[in-house]
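Input: a single structure, listed below in structure tokens.
The values are calculated or read from the model by the stated rules, or taken from the named source; none is laboratory data. Keep in mind that this is a model prediction, so the values were computed, not measured. Reconstructed Cβ throughout: ideal geometry from the backbone, glycine too, with neighbour counts over all protein chains shown.
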């Protein structure tokens, strides 16, 4: 009997499920940082939780509190978060084509479409495994991210004045931590330096929160204007 239960568990814990669970735990734990940084930026525990429950995209959430912590207006914070969240719309189109959800499941899938759930689904070959990977990672990250956001917000709120511990600058540090692993090739490094230069030049000239929007505009223009890579099998002109 025990052997049968073990075999049944092994069948349910497919590679996609195991991948989704591991990603959910690793990503969810990072929510504790967001919760602490959110209250350090001046948000209440309820406001931090609302961001994790409703916005639910880590990069956009860190961008939002980074602008708020820097003294920017709420409109600038929303603008920065929105620009970073556009990628989820692209993921959504991929997931719609890949998983073809119907009815109310489309709304659930839209909320759970993030980097981790999309990557887990796209890493699978079989359609059933793609679905298992998406839902395991999406639901897992959602539950753990919000649970640890609450824990981090409560702990951060208990610390009192964030400047005593240097937390007033921690949102920027956390966002740089998200960016750093992506700087593995020449183009992203050059783009990051260009955006950083634009931000540095804009800080003394425009209100807080607008420099990051200008940097995002530089990134968007870069992607729009740079030449497309040659198609497979297409040689370079002589």
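Structure summary
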read-out	value
Count - residues of region 40-60 that are part of a helix (DSSP H, G or I) and modelled with pLDDT of 90 or more	11
Odd one out for residue 75, checked against (1) part of a helix (DSSP H, G or I); (2) crowded, with 16+ Cβ neighbours inside 10 Å	(2)
